[in-house]
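Beneath this line is the structure, given in C-alpha cells, with notes to follow.
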Amino acid sequence: MARLVAGTLRPELTGVRPAHGPHDRWCGPLPRPSISSCRALFRQVSGLLASGPEMDIPEQIEAYLASQPEPKQTDLRQLHARVVTESPGCRLWFSDGTNEGGKVVANPNIGYGVYTINYANGSSREFYRIGLSANTTGISVYVLGLDDKTYLARTYGASIGKASVTGYCIKFKRLSVINADALHSAIRYGMTIDQAG
C-alpha cells in the first residue's frame, strides 16, 4: 500500500470546496477542472507520492492515465493496452515532462520500445521509439527515429482520417474520428523498423 506523506491537495484541483467554518458542511463539486488543473493535480500527487516509496514505471503510467479526463482517458488506455499487447516485453518509459530543474518543458509522455540516437559529436543515448501523450486538444502519438521524415504523411496522411500528420507525430482529438487501423499500422512500423537514429 502506498504511503502518502504530509501535504495538502489544493481544493480547486480536487473538485471539492472545503467548509468555511466549523459547522459548515462540505460544498458540492466544483465545475469540471481544466486540463492545466488536471496536470497540476497530477504533478502535485506525483510529488507527494515521490516523497514516499518511489513509483516504478508501470505505476507512474497508471497514475498518469488515471489523471486524464474522460473520454481522453479511455482512448489513452485503449492505445496503451494495444501497444503493450502487440509488443510484449517492450521497454516502457515515462517522462513527466519536466527537466532536471523541475521546470515543465513538455507534456508527460509514455514511451515504448528503444532505439539509440547518435549525435554528430559522437555521443549517443537511448530513447523510446513510440511516444503517447495527452495534449490540450486530444492525443499525440510520436513515431521517433525515422530517417524519412515524409514517411508518415505519405503513407498514412490520406487514410488516417481527422488527424494532423507530421514527420514524427500523429495528432488527433479522439480515436473515434480516425482510422484506428492506420494508426496502429504506423505504431507497428515504428516499433519494428530498423531505425538508424
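The values are calculated or read from the model by the stated rules, or taken from the named source; none is laboratory data. Worth saying up front: this structure is predicted, and the values here are computed from it rather than measured. Note that each Cβ is placed from the backbone with ideal geometry, even for glycine, and that neighbours are counted across all protein chains shown.
Observations on the model:
- When ARG154, ARG174 are checked against the criterion of being surrounded by 13 or more Cβ atoms within 10 Å (Cβ to Cβ), over 20 Å from GLY97 (Cα atoms) and of a type in the set (Lys, Arg), ARG174 stands alone in meeting it.
- Counting only residues that are surrounded by 20 or more Cβ atoms within 10 Å (Cβ to Cβ) and among the polar types (S, T, N, Q), the range 110-134 holds 1 of them.
- Any hit, the range 134-141, residues being modelled with pLDDT of 95 or more and over 13 Å from the mean Cα position of the chain (by Cα): no
- As a summary of the residue check, ALA106 satisfies the conditions (1) modelled with pLDDT under 95; (2) outside any loop (DSSP other than H, G, I, E, B); (3) surrounded by fewer than 18 Cβ atoms within 10 Å (Cβ to Cβ); (4) within 15 Å of the chain's Cα centre (by Cα) except for the one numbered (2).
- Lone qualifier among SER67, SER46, SER37 - being modelled with pLDDT under 90, in contact with a helix residue (DSSP H, G or I) (Cβ under 6 Å, 6 or more places away or on another chain) and of a type in the set (Ser, Thr, Tyr): SER37
- Selected residue (criterion: surrounded by the most Cβ atoms within 10 Å (Cβ to Cβ)) from residues of the range 57-100 that are of a type in the set (Asp, Glu) and without any contact (Cβ under 8 Å) to a residue 60 or more places away in the chain: ASP96
- Residues of the range 139-197 that turn out to be of a type in the set (S, T, N, Q) and part of a loop (DSSP other than H, G, I, E, B), as a count: 5
- Filtering the range 102-127 to residues that are of a type in the set (Ser, Thr, Tyr) and in contact with a Ser or Thr (Cβ under 9 Å, 6 or more places away or on another chain) leaves TYR112, THR116, SER124.
- Test: residue in the range 111-119 that is under 25 Å from GLN78 (Cβ atoms), of a type in the set (Gly, Ala, Ser), in a loop (DSSP other than H, G, I, E, B) and in contact (Cβ under 8 Å) with a residue 24 or more places away in the chain: yes
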